[in-house]
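Written out below as structure tokens is the structure these notes cover.
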Amino acid sequence: MTESTEVATTRSAEWMTRAARLFPGGVNSPVRAFHAVGGTPRVIERAAGSRLWDVDGNEYVDYVGSWGPMILGHAHPDVVAAVQAAAARGTSYGAPSPLEVELAEEITDAMPSIERLRFVSSGTEAAMSALRVARGFTGRPKVIKLAGGYHGHADALLVRAGSGAAGIGQPTSAGVTAATAADTLVAPYNDLLAVERLLSEHRAEVAALIVEPVAANMGVVPPADGYLEGLRRLTADAGALLVFDEVITGFRVHRGGAQALYGVQPDLTVLGKIIGGGLPVGAYGGRVDVMALIAPDGPVYQAGTLSGNPVAMAAGLATLRALTDDVYDRLEAYGAELQRGLVESAEVVNVRVARVGSLLTAFFSTDATFGAFFHGMLNRGVMLPPSQQEAWFVSAAHGELELTQTFAAAREAFAEARMADMREHGEAFVVD
Ligand code: PLP
């Protein structure tokens, strides 16, 4: 069957045709469009545990996990019950409520560097607001981000490195002005010297440095030994705030996030994903003297109609309460086994698997090889993130059965990826 006849006959394709008349690229977030791997996205009808089902009735072992929030697996009974109970009491009040206090207490217990926090509705909002308060606190205009780091789509953060290895940023998106990008300085990740240089060149101007403490948006790249400690020291010396974007790593790599795993305390932390249990949530928080500047206590304005939304708070609270030590042990064990088994099934395919706990990425030598592997897995019922710049997310609902299914699919998908690689590179590709 050719790709085009297959596409024309699936319900997924029919829904995507309707969606294309409504949404840019047929999607509500770009990576879902499969542009990096080609083909037609599978339109999802329902999810439970480790699994997704598409509108054609195909079942998949899910390694997207909604890009991170679904650490317990989909439709976890505690989360579903909490959401139903909360919704029955009203879906939004626009007033303080007990659930936001209880969720904030869970977060501050797990992350003691967060002395005060504010809930918002997405990671984007949280990162944007954290930088605003950092600028308000220091009275300085510039921020440093690391190349390859993603912190949502606020203008100041849609910036890549300029022509040099480090320096003034350039917009990565049309619609972001050069003036905005000029206030964002960019250094390569895992390069302390570059940060040191930027901080000395722009000494009295840098309000904050924002970093994913485990980079997870260029594929998973763990911090080099001493890197986070170095950032802590350099920012403190320069009077700039250190902001950890733990939207992915918070409650994922450790209950206390990367800051607990690596033992480095930031001034501010940005959260999202897991703390909302699959509903829209973000949060930012940290030092009490910094957070005291936020309205209504201080002059830094930030507000939200749905901030602290009771249904989202209930989902987050149920999720965090179910994240026991045993869950983290199982996530680590599954991640380690998945990494080992992928490397073993790859045989002669040139692949490197980077991992921190239940976050991992298989790096292939070319995007075409990854694309072939991705479709090989998809056709055998394993849903991977449709780009090799993304992390795979394991959930607590993944177990022996999922491993067996994943490895069986991977052995065949690697063979297909090898064929694609040979087409691209010729016979000489085979590695020892
Ligand atoms: N920060 C990081 C590290 C992220 O991975 C993301 C999203 O993937 C964000 C911020 C933005 O979060 P959101 O998509 O909820 O706006």
Practice prompt. Quick one: count up the residues across region 115-158 that are assigned to a loop (DSSP other than H, G, I, E, B) and within 16 Å of the ligand (Cβ to nearest atom).
Written response: 11
Worksheet item: Does any residue of region 284-304 turn out to be over 27 Å from Q265 (Cβ atoms) and buried (at least 19 other Cβ atoms within 10 Å of the Cβ)?
Response: no
Worksheet entry | The lone exception for A397 - which of (1) within 19 Å of G65 (Cβ to Cβ); (2) touching a residue at least 60 places away in the same chain (Cβ under 8 Å); (3) outside any loop (DSSP other than H, G, I, E, B) it fails | (3)
Discussion item. Restricting to region 15-30, count the residues that are under 19 Å from E45 (Cα atoms) and within 16 Å of the ligand (Cβ to nearest atom).
Written reply: 3
Discussion item. What's the number of the only condition in (1) under 22 Å from G286 (Cβ atoms); (2) surrounded by 22 or more Cβ atoms within 10 Å (Cβ to Cβ) that D183 fails to meet?
Written reply: (2)
Item to complete: Return the only residue of R352, R330 being basic (K, R) and touching a residue at least 40 places away in the same chain (Cβ under 8 Å).
Response: R330
Worksheet item: Among all residue pairs at least 6 apart or on different chains, which show Cβ distances below 8 Å where the first residue, located in region 147-167, is closer than 22 Å to S121 by Cα and the second is among the small types (G, A, S) and within 8 Å of the ligand (Cβ to nearest atom)?
Response: H151/G123; H151/A127; G152/S122; G152/G123; G152/A126; G152/A127; A154/A127; L157/A127
Response to the item:
Listed by range, helices (runs of 4 or more DSSP H) wholly within region 220-291 having at least 1 residues that are within 16 Å of the ligand (Cβ to nearest atom) are 227-238, 257-262
Discussion item. Whether any residue in region 198-220 is more than 17 Å from D267 (Cα to Cα), more than 24 Å from the chain's Cα centre (by Cα) and acidic (D, E) is what I want to check.
Written reply: yes
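Results for (1) buried (at least 17 other Cβ atoms within 10 Å of the Cβ); (2) farther than 19 Å from A258 by Cα, shown as yes or no for each residue.
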{"site": "T138", "(1), (2)": "yes, yes"}
{"site": "R160", "(1), (2)": "no, yes"}
{"site": "T172", "(1), (2)": "no, yes"}
{"site": "D191", "(1), (2)": "yes, no"}
{"site": "L199", "(1), (2)": "yes, yes"}
{"site": "V220", "(1), (2)": "yes, no"}
Fill in: Qualifying position, being outside any strand (DSSP E or B) and touching a Leu at 6+ places or on another chain (Cβ under 7 Å), among L199, L193, L209
L199
Response to the item:
For region 358-389 the number of residues that are outside any helix (DSSP H, G or I), in contact with a Gly (Cβ under 8 Å, 6 or more places away or on another chain), of a type outside the set (A, V, I, L, M) and modelled with pLDDT of 95 or more is 3
Worksheet item: Only one of (1) assigned to a helix (DSSP H, G or I); (2) under 30 Å from H425 (Cβ atoms) fails for A314. Which number is that?
Response: (2)
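The values are calculated or read from the model by the stated rules, or taken from the named source; none is laboratory data. Owing to the predicted nature of the structure, the values given are computational and were not obtained by experimental measurement. Note: ideal-geometry Cβ built from the backbone for every residue, glycine included; neighbour counts use all protein chains shown.
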